[in-house]
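These notes concern the structure reproduced below.
The values are calculated or read from the model by the stated rules, or taken from the named source; none is laboratory data. The shown structure was predicted, so the numbers you read here are calculated from the model rather than taken from an experiment. No Cβ is skipped: glycine too gets one built from the backbone with ideal geometry, and neighbour counts run over all protein chains shown.
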Amino acid sequence: MLFKYKDFISTINLSKEEIFEILDTAKHMKEINKREVKKVPTLKGKTISTAFFEPSTRTRTSFEIAAKRLSADTVSFTSTTSSTTKGETLLDTIKNIENMHTDIFVIRHKCSGAVKFVADNVKAHIVNAGDGTNEHPTQAMLDLFTIREHKNTLTGLNVAIIGDIDHSRVARSNIWAMQKLGINVILYGPKTMLPSDTTPLKCHIAKNFKEAVTEADVVMMLRIQLERQNKILIPSLREYAMYFGLNKTSAKYLKKDAIIMHPGPINRGVELSTEYADCDRSVILNQVENGIAVRMAILYLLGMQKRRTDGSST
Ligand code: CP
């Protein structure tokens, strides 16, 4: 087993081989998900807790299903049901649950860096289910898994990531992982939704929608993260949809075999018109389905390790 980390926090330090180990493990897990009895005893006796301090439909549900399919015991709590509402710190909350002999925590938090902070201060394995605008590494893994399923390769692909790049943890985790695999990533979005300095991303920034998608094998539309913007960044959603959304006018620039992705939740009619969210080229619901297999793989790779005490994270 190559995957040697105590925690899964980021894609930035993953090697190409480690990424492929996750994707190949997920392929086995997907086969389990297709069986009539979708359950294996692999993590029997382990306890996995999902701690979501931000809303989630896909990530929380798929982690809980993934844990149950591997026969782990699961506990779930959210910001509204935990004692953080009474002033308890995030770390105290997690440490209390850790002392109930929890093996793996899956944590989502609105603050960038909060999940890493917890990982550095507890012995249990920690999985980042999205921290602020920083990273969403399991989303990147399920995106890569879905791309490989549809394109049969990850080598030499062009991927266009379009929308609210600056606030997108999905974009960041995908960019780091895709570059490790030699995928060419092109970014496009309103100037107000791009980082002021795009140099560290090492991606080509397209000047218009046509330039972004003309060569793209994959077109990944991002959600506008209105909840993370503390000022108005676009004049109106209607204008955003017209210039940055995928719709009848902009779709004509896509390659015929380009697949359409979105991490969800979709703002229908803004990032994507319904026609393209639900078309044959859209793999959005495949992404959701694959989320279970990929999260099973990550829980398996962490849960099968002997508990490590050197504190290394991805
Ligand atoms: N893609 C994603 O993280 O969706 P949720 O917010 O529903 O978990």
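Results, tabulated for the structure shown:
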read-out	value
The listed residue being under 18 Å from V213 (Cβ atoms) and either surrounded by fewer than 21 Cβ atoms within 10 Å (Cβ to Cβ) or in contact (Cβ under 8 Å) with a residue 40 or more places away in the chain (or both), out of V283, V288, V294	V283
So F8, is it in contact with a Cys (Cβ under 9 Å, 6 or more places away or on another chain) and touching a residue at least 40 places away in the same chain (Cβ under 8 Å)	no
Subset of the range 187-217 (residues that are of a type in the set (S, T, N, Q), within 20 Å of L237 (Cβ to Cβ) and free of Cβ contacts under 8 Å to residues at least 40 places away in the same chain)	N208
Leading residue by the ranking (nearest to the ligand (Cβ to nearest atom)) among those in the range 257-289 that are part of a loop (DSSP other than H, G, I, E, B) and β-branched (V, I, T)	I266
Out of M220, M242, sole residue that is within 25 Å of V283 (Cα to Cα) and free of Cβ contacts under 8 Å to residues at least 40 places away in the same chain	M242
Within the range 47-88, tally of residues that are surrounded by 19 or more Cβ atoms within 10 Å (Cβ to Cβ), part of a helix (DSSP H, G or I) and within 16 Å of the ligand (Cβ to nearest atom)	7
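Residue by residue, here is whether (1) basic (K, R); (2) modelled with pLDDT of 95 or more; (3) part of a helix (DSSP H, G or I) holds:
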| residue | (1), (2), (3) |
| --- | --- |
| T192 | no, no, yes |
| E211 | no, yes, yes |
| A216 | no, yes, no |
| V219 | no, yes, no |
| I224 | no, no, no |
